[in-house]
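Reading through the structure tokens given below for one structure.
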Amino acid sequence: MPGDEQSLSTLFFWFSALVVASAYFSSSETGMMSLNRYRMNHLKHQGHPGATRASKLLENPDKLIGIILIGNNFVNFLAASVASSIAIVLLGNPAPLATAIILTLVVLVFAEVTPKTIAALYPEKIAYPSSIVLSLLLKILYPAVWIINRVSNALVKLLGFHPQVDDSLQQLTPDELRTVVHESRSRLPKKRQGMLLNILDLEKVRVDDIMVPRHDIVGLNLEDDMQSILDQIANAHHTRIPVYKGDIDNMIGILHMRSVGKLMKVEQLNKAVLIQETLEPYYIPESTALHTQLFAFQNKKMRLAVVVDEYGAVRGIVTLEDILEEIVGEFTTDRADSNRDIHEQQDGSYLIDGGISIRDLNRSLGWSIDGRGAKTLNGLLMEILQSIPDSSVGMRLDGYCAEIVQIKDNMFRTIRMWEQQSEEETS
């Protein structure tokens, strides 16, 4: 009959419209919850209207979810009623089982799985435009949303949970930030990625991990004759040189090479004039974290500090350049070639100075020797052996082989080391 056909067409039209509306609410929910919050905040600060609306809606997720669920459930229940009316027109009875099966398939495919998949893949394309309608619906249906949220929050509290969002949970921890940097390797150049990771690791490193150790400090001893001091100044490779008398613990000051030009104009250059040009030493404890020392250098407008232990004895020196190298890397292309403490041999092993720090050794050769205890290779081997052997001794540590080649002044001066091959590599 013409009337039944017209009625059936109208029902199908409304059913299709309700399925589309259900798809909208489903995709909006997934899109809003899948947004990258940090990218959204970045776009918001740039004045992006969609990001601004979405950010405002996400400030109250309970209200956002409430308006989405109200809309989604309403259109789904209404679609079920329309589907029952269509079954009555076609079959003469509601046919609840057949109607439920067909309705479930249609809603799952067209109103749930497909729109949610698209929204998960392209959250910004879905969430930002849909935020216009959601903001409008939230204003219109606010009383209903408020009542539902009050009841829902009361139930949440009864179950022992807090209904308010903890903002601290939305903030990245340092370890999570490291993960973000690692996962951004396709977008960040490798060097920049390394710099970001090094900055995050500054708080884990202390000045005694990177300092120039006491026995490697190049300084001017005022007990030397004047000609010897002038020769040292002429051949100096550093901008700032410690000046001491007799022992490095008796430090007088730090001589800046910029002051040497003034000294050369003095006809009767002597040690007293030299002392007048030195700057007072800046002492720091050996346990100072690198990020703390970096800010200290910045605040004090200084570039060199003398590291001392708990008894006030000089342990070494650290410079601003040393800390910057921890961030940007060494100012050379090949650390192993440039490091005077490491000499590669033809057989693939390395002759290594025992005074090298474990950290420098690992960074130079890409090794992973555990350096949480002793700071130098000599100290690590001393801890392992618990004595100083009379002859050459070999040992294994952390997957590496070490052979003591030279012992001098109660120290392991030269050590031959190489990576220990696994059984699979040797077979």
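The values are calculated or read from the model by the stated rules, or taken from the named source; none is laboratory data. Computed from a prediction, not measured in an experiment: that's the story for all the values here. Note that we place each Cβ from the backbone using ideal geometry, even for glycine, and neighbour counts take in every protein chain shown.
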Residues of the stretch 391-405 being out of contact with any Leu (no Cβ under 9 Å at 6 or more places or on another chain), modelled with pLDDT under 90 and assigned to a strand (DSSP E or B), in sequence order, are 394, 396
Here's a check for you: in the stretch 59-69, which residue that is outside any loop (DSSP other than H, G, I, E, B) and of a type in the set (D, E, K, R) is farthest from residue 21 (Cα to Cα)? 62
Among the numbered conditions (1) out of contact with any Phe, Trp or Tyr (no Cβ under 7 Å at 6 or more places or on another chain); (2) under 21 Å from residue 117 (Cα atoms); (3) of a type outside the set (Gly, Ala, Ser), tell me where residue 72 comes up short. (1)
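Residue-by-condition table, conditions (1) within 17 Å of residue 127 (Cβ to Cβ); (2) in a helix (DSSP H, G or I); (3) in contact with a Leu (Cβ under 7 Å, 6 or more places away or on another chain):
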{"residue": "38", "(1), (2), (3)": "yes, yes, no"}
{"residue": "53", "(1), (2), (3)": "yes, yes, no"}
{"residue": "57", "(1), (2), (3)": "yes, yes, yes"}
{"residue": "71", "(1), (2), (3)": "yes, yes, yes"}
{"residue": "75", "(1), (2), (3)": "no, yes, yes"}
{"residue": "80", "(1), (2), (3)": "no, yes, yes"}
{"residue": "89", "(1), (2), (3)": "no, yes, yes"}
{"residue": "93", "(1), (2), (3)": "no, no, no"}
Output for Cβ contacts, cut-off 6 Å, separation at least six or different chains, first residue closer than 15 Å to residue 329 by Cβ in the stretch 191-209, second in a loop (DSSP other than H, G, I, E, B), reads 193/185
Residue pairs, Cβ under 6 Å, 6 or more apart or interchain, first in the stretch 383-409 and in the same structural domain as residue 347 (by TED's automatic domain parsing) and at positive phi, second assigned to a loop (DSSP other than H, G, I, E, B) and at pLDDT 85 or above. List them. 398/369
Do we find that residue 284 is over 18 Å from residue 211 (Cβ atoms), of a type outside the set (Gly, Ala, Ser) and in a strand (DSSP E or B) in this structure? no
So is residue 35 touching a Ser or Thr at 6+ places or on another chain (Cβ under 6 Å), more than 15 Å from residue 110 (Cα to Cα) and in contact (Cβ under 8 Å) with a residue 40 or more places away in the chain or not? no
Count - residues of the stretch 83-140 that are of a type in the set (Asp, Glu) and more than 17 Å from residue 54 (Cβ to Cβ): 1
In the stretch 356-368, the residues that are within 15 Å of residue 402 (Cβ to Cβ) and surrounded by fewer than 18 Cβ atoms within 10 Å (Cβ to Cβ): 362, 367, 368
So is residue 407 surrounded by 10 or more Cβ atoms within 10 Å (Cβ to Cβ), under 21 Å from residue 343 (Cβ atoms), more than 32 Å from the chain's Cα centre (by Cα) and β-branched (Val, Ile, Thr) or not? yes
Do you know which residues across the stretch 362-390 are of a type in the set (Val, Ile, Thr), more than 22 Å from residue 205 (Cα to Cα) and not in a helix (DSSP H, G or I)? 388
Confirm whether residue 102 is in a helix (DSSP H, G or I), surrounded by 12 or more Cβ atoms within 10 Å (Cβ to Cβ) and free of Cβ contacts under 8 Å to residues at least 40 places away in the same chain. yes
Wholly enclosed helices (runs of 4 or more DSSP H) of the stretch 171-239 bearing at least 1 residues in the same structural domain as residue 308 (by TED's automatic domain parsing), at pLDDT 80 or above and more than 19 Å from residue 291 (Cβ to Cβ): 226-234
Looking at (1) exposed (fewer than 13 other Cβ atoms within 10 Å of the Cβ); (2) modelled with pLDDT under 90; (3) of a type in the set (A, V, I, L, M), can you tell me which one residue 88 breaks? (1)
State yes or no: is residue 252 at pLDDT 90 or above and touching a Phe, Trp or Tyr at 6+ places or on another chain (Cβ under 7 Å)? yes
